[in-house]
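The block underneath contains the structure these notes are about, expressed in structure tokens.
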Amino acid sequence: MLNNKSNLYHITKKYENKIITWRRHIHQNPELGFEEFETTKYIVEQLKEIGISDIKVGTNNIAVGVIANLKVKNAKKTIALRADMDALPITENNTCEYASTKKGLMHACGHDSHVAMLLGACAVLKEMAENNQLENNVRFIFQPAEETTGGAEIMIKEGAMENVDKVYALHISSGLDSGVIGYKAGPITAAPDKFVIKIHGKGGHGACPNCTKDPIIVAGAIITSAQSIISREVDPFEPVVLSITYVKAGTAYNIIPNSAELMGTVRTITNERRDYMEKRFPQMIQNLAEAHNCSVEVEYTKHFPPTINDPQTTATAVEILKNEFGDNEYLTEIQPSMGGEDFSYFTQTTKGSFIRLGSKSPDPTTHFPHHHPNFNIDETALIKGTIALSLLALN
């Protein structure tokens, strides 16, 4: 169980109300990726109030994103802690007092909580540094645009990971009970790649299909055949997802159209399988189009790489957390998620670990999945997340 007698717990407990206040303020004022101007200003204000002055603002020549440093004499290492800060284009259905004040925008993935917990860790570690209880430099990274184009890669190019020895991130999870830490060595999130398929045929009257080259036949063949790559060419024990999520063709019931369009996503958890799918899936599409006398254009876009946790770093993190939270009650090994996460760019630069924090309580309002208009969390988890981030920096 949570060690309520520890020094770290008592320091963190002092900031619990502030952490909740930070989370609620950010929740009420959501901003999309690379538009987090007010969120950035708010974070800087809180950092200065905490007493942290080494602050860099801006990413990609835009005044969003924050890097703050807490340095100590004779530091053993530099530990980076990252929180993402962007919201989603979703209209919130919640009616709580801190619901979004911006129609069409919502923190429906927990990034408001991530910022609040990282600010909490800033306050806790600053106090510990003043008491000579901190042996590592700590870099706090408040990252924009995780949900869209991947602000992580840009921040890294601009120096966010210079001289960093280890990097950690904590992500809220409505699939875990409140306060439970979910960990996994190796792949933990997938590469969320995108494809667009444009099929070109020859339209005509629905009564004379022999005079046409029907792109809908090709679209149907792709939809029904694509899954055979997963079922017949991929190891059954290796998770791979191929989802066609958009189909567009035709304008009338009696007209065979000239073209059809499909879109979707491929999710893989290894770079090797990712490269295979990038080559094999378009190859199948080309063959199916040719078989029906149509042509096809395939736009296959690689987004974030899979997030792969360093096994030794993850094992060490688990041991550190067990000492504070107990062996089993608050820690559990989890399966990889097929969702994408641009923290993967950070773990490509140095050893690190992406960790989940449960936010589901018996209250049914905390049971909604991420990206749902009713998404909400059990705020008692925030103190546990703050303690976890602080522990990882301390050790």
Give me the pairs: first residue in region 15-33 and in a helix (DSSP H, G or I), second residue open to solvent by 60 Å² or more (accessible area, probe 1.4 Å), beta-carbon distance under 6 Å, and six or more apart or on different chains, which are they? 28/101
Selection status of residue 245, in a loop (DSSP other than H, G, I, E, B) and open to solvent by 70 Å² or more (accessible area, probe 1.4 Å): no
Quick one: residue 323 ticks every box in (1) modelled with pLDDT of 95 or more; (2) in contact with a helix residue (DSSP H, G or I) (Cβ under 9 Å, 6 or more places away or on another chain) bar one, so which box is it? (1)
Out of region 51-67, which residues are of a type outside the set (Lys, Arg) and surrounded by fewer than 24 Cβ atoms within 10 Å (Cβ to Cβ)? 51, 52, 53, 54, 55, 57, 58, 60, 61, 62, 63, 67
Return the total of residues in region 188-215 being touching a Pro at 6+ places or on another chain (Cβ under 7 Å) and crowded, with 21+ Cβ neighbours inside 10 Å. 7
Report yes if residue 319 is out of contact with any Phe, Trp or Tyr (no Cβ under 7 Å at 6 or more places or on another chain) and under 13 Å from residue 222 (Cβ atoms), otherwise no. no
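Here are some residues: 189, 149. Which one is out of contact with any His (no Cβ under 6 Å at 6 or more places or on another chain), modelled with pLDDT under 95, farther than 21 Å from residue 55 by Cβ and not small (Gly, Ala, Ser)?
Details: 189 fails: modelled with pLDDT under 95.
Result: 149 is the single residue among 189, 149 that is out of contact with any His (no Cβ under 6 Å at 6 or more places or on another chain), modelled with pLDDT under 95, farther than 21 Å from residue 55 by Cβ and not small (Gly, Ala, Ser).
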Within region 205-230, how many residues turn out to be under 11 Å from residue 262 (Cα atoms) and either under 30 Å from the mean Cα position of the chain (by Cα) or of a type in the set (Ser, Thr, Tyr) (or both)? 2
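Residues of region 14-33 being in contact with a Gly (Cβ under 7 Å, 6 or more places away or on another chain) and either closer than 15 Å to residue 143 by Cβ or loosely packed, with under 14 Cβ neighbours inside 10 Å (or both), which ones? If you could, list the steps in order and put the result at the bottom.
Taking region 14-33 and keeping what is in contact with a Gly (Cβ under 7 Å, 6 or more places away or on another chain), we get 15, 19, 33.
33, the sole residue that qualifies.
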Against the condition under 22 Å from residue 102 (Cα atoms), outside any loop (DSSP other than H, G, I, E, B) and free of Cβ contacts under 8 Å to residues at least 12 places away in the same chain, how does residue 38 come out, does it pass? yes
Filter result (open to solvent by less than 20 Å² (accessible area, probe 1.4 Å) and of a type outside the set (A, V, I, L, M)) within region 119-150: 120, 122, 136, 140, 142, 143, 144, 146, 150
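Being out of contact with any Cys (no Cβ under 6 Å at 6 or more places or on another chain) and open to solvent by less than 70 Å² (accessible area, probe 1.4 Å): is that true of residue 276 here? Walk me through how you get there before you give the answer.
Details: out of contact with any Cys (no Cβ under 6 Å at 6 or more places or on another chain): yes; open to solvent by less than 70 Å² (accessible area, probe 1.4 Å): no.
So residue 276 does not fit the description; no.
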The one condition in (1) at pLDDT 95 or above; (2) out of contact with any Gly (no Cβ under 9 Å at 6 or more places or on another chain); (3) under 26 Å from residue 135 (Cα atoms) that residue 9 fails to fulfil: (1)
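Return yes or no: is residue 104 at pLDDT 95 or above, small (Gly, Ala, Ser), crowded, with 22+ Cβ neighbours inside 10 Å and within 17 Å of residue 148 (Cβ to Cβ)?
So residue 104 does not fit the description; no.
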Considering only region 248-276, state which residues are touching a residue at least 40 places away in the same chain (Cβ under 8 Å) and part of a loop (DSSP other than H, G, I, E, B). 253, 254, 257, 258, 269, 270
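Filter region 224-242 for residues that are closer than 19 Å to residue 296 by Cβ and either open to solvent by 70 Å² or more (accessible area, probe 1.4 Å) or hydroxyl-bearing (Ser, Thr, Tyr) (or both) and give the result. Explain how you work it out, then say what you get.
Pass one, region 224-242, residues closer than 19 Å to residue 296 by Cβ: 224-229, 242.
Within region 224-242, 224, 225, 227, 228 qualify.
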Can you find a residue in region 151-173 that is within 27 Å of residue 242 (Cβ to Cβ), surrounded by fewer than 22 Cβ atoms within 10 Å (Cβ to Cβ) and within 17 Å of the chain's Cα centre (by Cα)? yes
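The values are calculated or read from the model by the stated rules, or taken from the named source; none is laboratory data. Being a predicted model, the structure only gives us computed values, none of them experimental. Positions of Cβ are backbone-derived with ideal geometry, glycine not excepted, and every protein chain shown enters the neighbour counts. When the accessible area is computed, the model is the full protein with side chains, heavy atoms only, and any ligands, DNA or RNA have been set aside. Shrake-Rupley method; radii C 1.70, N 1.55, O 1.52, S 1.80 Å.
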